[in-house]
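Below is one structure; the comments refer to it alone.
Every number in this text was worked out from the coordinates using simple rules, so none of it is lab data. Small disclaimer: the values here were computed from a predicted structure and weren't measured. When we count neighbours, we look across all protein chains shown, and the Cβ atoms used for this are built from the backbone with ideal geometry, even at glycine.
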Amino acid sequence: MSKTTTGFRGLFISGDQEMGLLTEGEVLSWEETRAHAKHVQQHGIQQFINLYRNLKDRPNDELKWGDEIEYIIVHFNEAQQRAQLALRAHDLLPKLQQKELEAEEKGEKNPDLPALWRPEMATYMVESSPGRPFRCNFEDFTKVEGNMRARREEVQKLLMANEAILSVSAFPRLGCPGFTFPPALTEPNNPNSILRSLFFPDEAIFSGHSRMRTILGNLCKRRGRKPFVNVPLFKDKNTSENVEEDFAALGDDGEVQAVAKAGHIVMDSCGHGMGCCCLQVTFQARNLAEARFLYDQLAIMCPFMMTLTAGAPMYQGYISDVDCRWNILAACTDDRTEEELGLKPLKDGFRLIPKSRYGSVDHYLSPEGDQYNDVPAVINQEYFDKLVEAGIDAQLSKHIAKLFIREPLILYSERIHQDDEKDSNHFENIQSTNWQSLRFKPPPVDADIGWRIEFRPMETQITDFENAAFVIFVVLLTRTIVSLKLNLLVPMSMVEENMAVAQQRNAVSEGRLWFRQQILTGADGSQQSNKIVQMTVNEVFNGKDAEEGHFEGLVPLVEHYLSSVDLDVHTRQTLQSYLHCISKKASGELLTTAGWMRKFVLEHPDYKQDSRVSEIINYDLMKRCRDLSQGLTHDATLLPEFIPPLSLNCQERLASGDLSGMVDCFK
């Protein structure tokens with residue numbers, strides 16, 4: 001029999017590891033998995049139909065929410081002045097999960113745990129979420145940062161003195177020779193290698209569970225080759241036109257050299273994208289209608305929040321000309337065949353697919369949003385018809401039928417045959433490997449969990465203060481949208497355009513993104529104007545009063561919502577400090593993580609104006625990130641001036657989860 005390790009409340013928070021997908025059992029080969037693809041799809045559709053019929057009228061759920069933070073473990077070699085990614089997850093996770101597993105064995109339904117811990121793609125990564133969901137009583141908002149700090153400390157206590165847990169989205173020298181500790185060798189010419197990468201060793205893939213290794217291998221097998229990603233190189237005074245790499249010396253048989261573009265950083269594995277860290281927030285809506293409504297409203301916010309949290313400007317030892325990891329992730333996880341890409345004539349069973357499995361959403365779900373669905377949908381017509389025949393409206397049916405153009409990437413022999421009335425694993429198998437900027441999540445079978453939305457585009461920030469500020473802002477924005485009846489909807493094609501602009505270097509200050517000029521609605525839902533204009537990030541978040549039109553600004557609107565709520569002084573000050581941070585990031589008064597990292601490297605005495613991030617630069621940068629994350633230093637270009645380094649007493653209280661008097665720590 002299989003054994004699941006998702007945990008009780010892990011069902012609520014977790015994304016790719018939902019509904020027993022961390023199953024231990026016999027993993028089928030890719031050929032066997034593909035042979036069962038139709039079976040998985042057909043039963044997955046039926047499982048969704050059953051879920052919908054049973055739970056579509058589930059009423060008045062309480063707002064619950066929680067964050068997910070992915071971390072990297074960094075090893076510091078002071079003698080060599082070198083920072084490397086420590087391959088420690090396989091040692092750390094059993095210790096981090098011990099309390100949760102003990103509670104499960106005792107049958108405890110609601111144990112008081114500070115955190116839930118899960119494996120990630122790489123063995124230098126771990127993922128955490130709160131031990132239980134937060135609620136929308138405003139006191140819970142004051143617990144978020146303390147909980148994040150407690151989670152960080154929980155790992156730090158298990159590490160050696162020369163190691164640190166960091167919430168850095170992209171390690172600048174990932175993919176460089178010897179970037180792991182201990183050093184691991186790549187095997188590009190080994191037919192048994194999972195990745196066959198010149199840069200990312202198989203040994204860096206988490207080995208404690210078969211799921212990720214199988215998925216990475218099957219992505220390559222389905223595609224027919226490993227992925228290739230060319231990221232634009234930042235051009236400085238002494239930057240060479242070509243990235244001067246001797247690919248042949250790394251074992252290249254000419255494959256990488258053939259695809260490498262001049263003026264670009266070339267990468268060749270899923271690990272380059274999935275080995276980066278993200279910040280996510282999942283929340284439960286009151287009912288199905290509100291979940292669909294908020295899904296649509298938040299679709300517009302994905303590029304804006306990605307721009308504000310931009311934190312991935314460097315790859316493989318070079319400064320890139322982008323600030324975010326999103327397109328790299330999409331390219332690394334793209335399993336489309338040459339037929340699906342349009343490079344070869346279509347064969348039976350293939351269709352043209354416009355996007356990778358990892359990409360932005362391109363379809364609204366609410367009745368209000370349907371008129372803005374101007375991006376052609378590629379769907380599985382057979383399953384669309386079946387969903388509609390089952391009584392599911394065409395709009396939601398189209399969303400599900402879009403997911404089911406994908407084949408399963410992993411299958412366990414124990415999970416082939418399921419009871420569609422009692423299981424939803426086949427549905428989750430397809431759903432969980434569609435890695436989109438938003439995920440619409442139906443309630444699990446036989447669980448006291450409602451309809452949820454997972455907000456996925458944000459990148460991790462260096463400090464717990466920043467991570468808390470961004471997840472709390474997203475949750476407060478959903479409450480503001482519902483309370484003030486806001487309408488942010490724009491044509492989906494404009495959201496797609498915004499996603500492209502959002503990743504550009506310095507998009508937060510230089511980019512102009514499409515946004516609705518009038519978002520307040522009347523009692524009947526009408527708006528004075530449907531005009532959609534291009535605005536700066538600062539204008540969208542902080543507002544504008546210009547000749548071309550007034551706009552309230554999202555931060556002032558959230559503040560207006562909070563003014564209608566009875567808050568104690570401590571809570572109001574805490575929330576105001578987070579909104580102040582968001583406002584200053586949007587205005588450019590505070591740097592994004594990507595902007596701060598660029599500035600650090602460009603001003604480093606070892607930098608040669610050649611776009612290279614040397615070992616010593618990387619070492620000093622990671623040390624500064626460590627000190628900032630531990631509250632040992634402060635940088636007024638990144639963080640608000642009124643957030644000083646935490647005192648030792650405050651650090652101890654945060655680590656223990658004692659939040660009494662914590663307002664003193666933030667004065």
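Here the simple spin-label model places points 7 Å from the Cα toward Cβ, and for K599 and K237 these points are separated by 2.0 nm.
Taking 15 Å as the cut-off, the amide N atoms of segment 425-467 that come nearer than this to a point 7 Å along the Cα-to-beta-carbon line of A377 belong to 440. Of the GluC sites (Glu not before Pro) found in segment 170-258, those that fall in a DSSP loop while having at most 15 other beta-carbon atoms within 10 Å are E241, E244.
Peptide packing for 613-620, 601-608 was compared via the average number of neighbouring C-beta atoms within 10 Å per residue; ordered from the highest value, the list is 613-620, 601-608. Measuring between alpha carbons in the structure, the pairs from K38/K109; K237/K355; K109/K623; K585/K623; K261/K402 lying more than 30 angstrom apart are K38/K109; K237/K355; K109/K623; K261/K402. With the highest mean first, a sort of the peptides 469-481, 47-59 on other beta-carbon atoms found within 10 angstrom per residue produces 469-481, 47-59.
Taking the centroid of alpha carbons for each part, segment 365-395 and segment 558-625 are 40 Å apart. Simple rule: put +1 on each Lys or Arg Cβ and -1 on each Asp or Glu Cβ in segment 387-459, find the dipole, and look at P444, I416, I392; the Cα lying farthest toward the positive end is I392. Counting only Cβ charges, +1 for Lys and Arg and -1 for Asp and Glu, the dipole size of the chain around its Cα centre is about 200 debye.
What the Cβ-Cβ distance of Q573 and E108 gives, at R0 = 56 Å and to the nearest 0.05, is a FRET efficiency of 0.95. The structure-derived value of volume of the Cα convex hull per residue in Å³ appears in the list [x] 157; [y] 176; [z] 187 under the label [x]. Between R58 and V388, the FRET efficiency from the beta-carbon distance, with R0 = 30 Å, is close to 0.90.
Checking every one of the GluC sites (Glu not before Pro) in segment 91-145 against DSSP loop status and a limit of 13 other Cβ atoms within 10 Å picks out E108.
Packing around the peptides 402-415, 520-533, taken as the average count of other Cβ atoms within 10 Å per residue, puts them in this order, highest first: 402-415, 520-533.
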